[in-house]
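The values are calculated or read from the model by the stated rules, or taken from the named source; none is laboratory data. Everything numeric here is computed off the predicted structure, so don't read it as measured data. Neighbour counts are summed over all protein chains in view; Cβ atoms, including those assigned to glycine, are modelled from backbone coordinates with ideal geometry. Side chains are part of the model used for accessible areas, which takes the heavy atoms of the whole protein and leaves out ligands, DNA and RNA. Shrake-Rupley method; radii C 1.70, N 1.55, O 1.52, S 1.80 Å.
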Amino acid sequence: MRGKEVFYPVGWDDNGLPTERRVQNYFGVRVDPTLPYDSDFTPPGPSGRGAAPRGQVPVSRRNFVELCLRLADEDERVYAETWRRLGLSVDWSLSYRTIDDGPQAISQRAFLRDVARGEAYLADGPSLWDVTFRTAVAQAELEDREIAGAYVRIEFPLQGAAGALLVATTRPELLPACVALVAHPDDERYTGLFGATVRTPLFGVGVPVLAHRLADPAKGTGLAMVCTFGDATDVTWWRDLRLGTRPVIGKDGRLLDGPLPWLTSPEAQATYGQLAGAPVKAARAWITDLLRAAGELRGEPEPVVHAVKFYEYGEAPLEIVTTRQWYIRNGGRDPGLREALLARGRELDWHPPHMRARYEDWVHGLAGDWLISRQRYFGVPVPVWYPLDADGAVRYDAPIVPADDTLPVDPAADTPPGYQASQRGMPGGFTGDPDVMDTWATSSLTPQIAASLGAGGQDLSDRVFPMDLRPQAHEIIRTWLFYTVLRSHVDHGVLPWRHAAISGWILDPDRKKMSKSKGSVTTPGDLLRDYGSDAVRYWAASARLGVDTAFDPGQFKIGRRLAVKILNASRFVLGMPAPDPDAADAAGAAEITEPLDRAMLGRLSGLAGRCTAAFEAYDYALALEQAERLFWWFCDDYLELAKPRAYGGFGPAPAGSAIAALRLALSVLLRLFAPFLPFVTEEVWSWWREGSIHRAPWPDPEPLRQIAGTYGGGGRAEDGDEAPAGEFLLEAASAAIGSIRKAKSQARLPMRASAARLVVTAPAPYLAALAQVSRDVQAAGAVTEVELCPAAGGEPVHEVTL
């Protein structure tokens, strides 16, 4: 509508753990990568019928991926139908899926460029691990959840001296993984003990007492048990203090089978044998009982509720497990890159501006590089193979990369350059990387993926990249927005877009996050059926950027009422005889001569300017609010005032002025509403205009201002001012007709009932304005006589005699 071409493709983010979990639950399957592909496999769960059975049937990776694609196809059809019904203005001819060959190739190509530059690297070390999905996860995918626990106070006897040190911990099951005790270097309780050795209860392993600034003297006893690994702080202590590694928790969330090499006595091995293979929660209870029985427990466990890290889609607390993973440098350990990314954030135009603080807080809080490999199945494969030496050992230090023109590749199925398929898994041969990339590793490239669509090739990319706008919600600033800025900065040296429009959440009526488990989720299907698409869009557009909005069915009713009113008011305006085309210019300016009509167009000119400014400031909710307010005034006051004249009550010229003004105003109002209510405005537009309203020019305030002339500006006049502006005239007209309606309503008379007399007492400038429209007021209110009485000052007084 502003005369520009808009590039707005639609993409489906298919791959990722949420999709896998949905497929597992829907079809009743789970992946066993050792199984062969079954071309005749039929899932036990529904194909759109009933519910999945209890338990899950093992399937091959390829069978599972096929089920993921199948369900994604079904889900995307439902989504597309909803978006189309909502009138989402994407270009449906430009669509993609993150799992398609094109996006996969772009994602793998970007990863391989990162590898070549040293931005991506393979490392073996502690990583955040979700035991539900059995995969590593990134810092950006964590959330804190409060769970019940207990502080257990354990005595560590000093080695070679009398006495013991007391440690309070919520994770006693990690006692066999203990590698040190730490206290703050300034904690006077322990300054004389730094360098001493204590022995772990039950297991008798000697561990040092050390100092570290992260130890909190106010937490527990001020002395912390360092285990490999209980949480991220353990990892920091382990790295800073160069401690050994004694892992006891496996990838399945159970304590490892013994024996443990650092437990040197048969008694210690026997004690651990009682815990081996137990889930973490059960092991916690059992080891507490063992400590109690051994007399090494001080008091009884003290119940607490504390925040614990979870994967955002996981069902159990995260563990930290030593694994080999791929990482991309993100500034977490590179101060120079961190500062560059902070500078990019300052360069970006944020809407609303305060959302930049969330970006900066995230960048400042990065604790490490971006872990991008996932031990899952439905995703873009990590595009590397590894050679096997003569003994069949994997050489992770010499990854084999594919040729660019072969992308995308699946190392689990494809053969690397220079090898034969028969060499897979054989000494001297190769093995494929089994992992897929984090879904954000592909979604962080959405501008590049989108720019590759269509037949434009490089020409299209040159025209649309960098892009103008990223619209998204606030909770994925740390993922989608940050990662996209990172990849564009490293690969292209620019921001991926100039503006970021950050929306809030839709909350349930209690202003809490919608939750499927609590039954507080509302989906759009019923709303679209009950209220219509325009009403749903009205509700959505009423929510300002950056603000969470509570779900309120009342707003849908208001939106539907507005859409119906637009239909009815348009039907009324267009039902009047069209003005003579020979008597007016293209805008109808020659015919619009009456003060009321010109003042109305002056007000409309101001509205068009304000709505344009609001849109340019990304405040679409303000644009809707302003247009809606003026529209209801237009219907309630102006239409009623202009109606008698439009019907010819004062002759053809005044009637022509009213009809031309009404039609011009309708054209402007429909176009101002079109972005919000596309269906009702398109319908009305089709009644009298060619083409689509959504390709009609956006209203320009200047022609309206020229028609309004002296009635086109200014505010309310005061005593002694010269001739009042149009706004003053409209205020006077509205107040007069409003007083007549109020009197009839209080007397329980119909609005068509006659009134004998209207007396308005007010200062002279006010009366001068009202005099210009008194004929319209008198006719619209069915008033026999109107008397204007000057007053020295004060507010206007309206007296109606029925």
> Tell me, what is the per residue accessible area of the chain in Å², probe radius 1.4 Å?
Replying inline: 46
> Can you give me the Cα centroid spacing of segment 201-251 and segment 677-713 in angstrom?
Replying inline: 70
> Amide H to amide H under 5 Å from SER503: which residues, 5+ apart in sequence or cross-chain, H placed 1.01 Å off N in plane?
Replying inline: GLN472, ALA473, HIS474, GLY546
> In deg cm²/dmol and to the nearest 500, what is the mean residue ellipticity at 222 nm of the chain if only DSSP H runs of at least 4 residues count, each as -39500 (n - 2.57), divided by the residue total?
Replying inline: -11500 deg cm²/dmol
>> Could you work out what % of the accessible surface of the chain is carbon and sulfur, using a 1.4 angstrom probe and leaving DNA, RNA and ligands out of the count?
In response: 51
>> Give me the one-decimal nm value for the distance between modelled label points at LYS219 and TRP687, 7 Å along each residue's Cα-to-Cβ direction.
In response: 6.8
> Using the Karplus equation 6.51 cos²θ - 1.76 cosθ + 1.60 (θ = phi - 60°), what ³J(HN,Hα) coupling, rounded to whole Hz, does each residue of segment 543-553 give in order, writing x for Gly and Pro?
Replying inline: 8, 6, 4, x, 10, 6, 10, 6, 5, 9, x
> Can you put HIS474, HIS798, HIS492 in order of accessible area, largest first, using a 1.4 Å probe?
Replying inline: HIS492, HIS798, HIS474
>> How tilted is helix 678-688 with respect to the longest principal axis of the chain? Cα atoms for both, answer in degrees (0 to 90, nearest 10).
In response: 30
>> Can you tell me the orientation of helix 101-117 relative to the chain, as the angle in degrees between its alpha-carbon axis and the longest Cα principal axis, to the nearest 10?
In response: 60
>> Given points 7 Å out from each Cα along the Cα-Cβ axis, report the TRP262 to ARG134 separation in nanometres with one decimal.
In response: 2.6
> Hey, which lysines would be in cross-link range of LYS518, C-alpha to C-alpha under 23 Å, not counting anything within fewer than 8 residues on its own chain?
Replying inline: LYS309
> How much of TYR313 can a 1.4 Å solvent probe reach, expressed as accessible area in Å² and rounded to 10?
Replying inline: 80
>> Give me a comma-separated list of calculated 3J(HN,Hα) values for segment 146-155, in order, Karplus coefficients 6.51, -1.76, 1.60 applied at θ = phi - 60°, integers in Hz, x for any Gly or Pro.
In response: 7, 9, 7, x, 7, 7, 10, 9, 10, 8
>> What is the distance in Å between the Cα centroid of segment 500-552 and that of segment 721-771?
In response: 41
>> Could you work out how much longer the chain between VAL564 and ALA285 gets when fully extended? Use 0.36 nm per residue separation minus the Cα distance between them, nm to one decimal.
In response: 94.0 nm
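Which is the longest run of the chain containing none of the GluC sites (Glu not before Pro) found in DSSP loop states (not H, G, I, E, B) with at most 13 other C-beta atoms within 10 Å?
Between the exposed loop sites, the longest stretch runs 316-689.
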> Considering amide H positions built from the backbone, and no H for Pro or chain starts, which residues 5 or more places from ARG757, or on another chain, come under 5 Å of its amide H?
Replying inline: THR784, GLU785, THR801
>> Can you give me the long-range amide H partners of ALA196? Hydrogens built in the peptide plane at 1.01 Å from N, cutoff under 5 Å, separation of 5 or more residues or another chain.
In response: VAL209
> How large is the dipole of the chain about the Cα centre if only Lys and Arg carry +1 and Asp and Glu carry -1, each at its Cβ, rounded to the nearest 20 debye?
Replying inline: 1340
>> As a test question: what accessible area, to the nearest 10 Å², does ARG689 have when a 1.4 Å probe is rolled over all protein chains in place?
In response: 90
> Out of the DSSP beta bridges found with both residues in the chain, what percent are antiparallel (nearest 5)?
Replying inline: 65
> What list of ³J(HN,Hα) values in whole Hz, one per residue of segment 190-197 in order, does the Karplus curve 6.51 cos²θ - 1.76 cosθ + 1.60 (θ = phi - 60°) give from phi, with Gly and Pro shown as x?
Replying inline: 10, 4, x, 9, 4, x, 6, 10
>> Here is the link list: LYS565/LYS742; LYS565/LYS643; LYS251/LYS512; LYS219/LYS251. Which ones come out longer than 27 Å on Cα distance?
In response: LYS251/LYS512; LYS219/LYS251
